[in-house]
Amino acid sequence: MEKGSKIIEWGSTDYEISKSLIEDGRENLVLRGGKSSLALECPVRLIHAVSDEEVPYSTALSLAEVIESWDVVCTLPKTGCHQLDDEGDFIRMREAVDEVFKNSDNYDLRSPASG
C-alpha cells in the first residue's frame with residue numbers, strides 16, 4: 001500500500017495489483033450486505049466452474065443470494081477453469097444471453113440514469 005502497487009506472480013503470469021484496485025475493492029464488498037442487498041432487478045445469469053481453483057463456486061451462490069432480482073440463475077459446470085475459456089463455456093454464455101433476451105419484454109432494462 002505504501003508503494004502504490006505490487007507485482008504478484010500467479011502461475012506463469014505476473015499481475016500488477018495497485019493500491020487503487022485494493023481501495024476500490026474495499027468500497028464494493030457486495031457480499032457483506034445480506035440477503036437481497038444488491039439492488040439489481042434485471043435478470044442475472046452466473047456461470048462458475050466447480051473446479052475453479054482461484055475462486056470457490058460458493059461465491060456465485062453467495063452472490064445470487066444478495067442480488068435483489070427474483071430472476072437469478074446459477075450454472076455450475078463441473079469442469080472448467082477460472083477463465084471459462086473453452087467451447088462449452090462459450091456455448092453456456094451464449095445460451096444465457098439468449099435466454100435473457102428472449103425474456104426481456106418482462107423487464108425494463110434501461111439503466112436508472114437513462115430516465
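Listing for the model above:
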item: Percentage relative contact order, the chain, counting C-alpha pairs under 8 Å, at least six apart; result: 22 percent
item: Under-28-angstrom lysine pairs by C-alpha in the chain, whenever the two are 8 or more apart or on separate chains; result: 5
item: Compactness of the range 33-107, expressed as Rg and Dmax over alpha-carbon positions, Å; result: 13.0, 37
item: Stretch gain in nm, segment Met93-Thr75, where the contour uses 0.36 nm per residue and the Cα spacing is subtracted; result: 5.5 nm
item: Mean-position separation - Cα centroids, the range 1-46 and the range 86-103, in angstrom; result: 25 Å
item: Amide H contacts under 5 Å for Thr75, placed H, 5+ residues apart; result: Leu46, Ile47, His48
item: Gain in span if fully extended, Ser62 to Lys35, counting 0.36 nm per residue against the direct Cα distance; result: 8.8 nm
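Values quoted throughout were computed directly from the atomic coordinates according to the rules given, and no laboratory measurement underlies them. As the structure is a computational prediction, the values presented were derived from the model and not from experiment.
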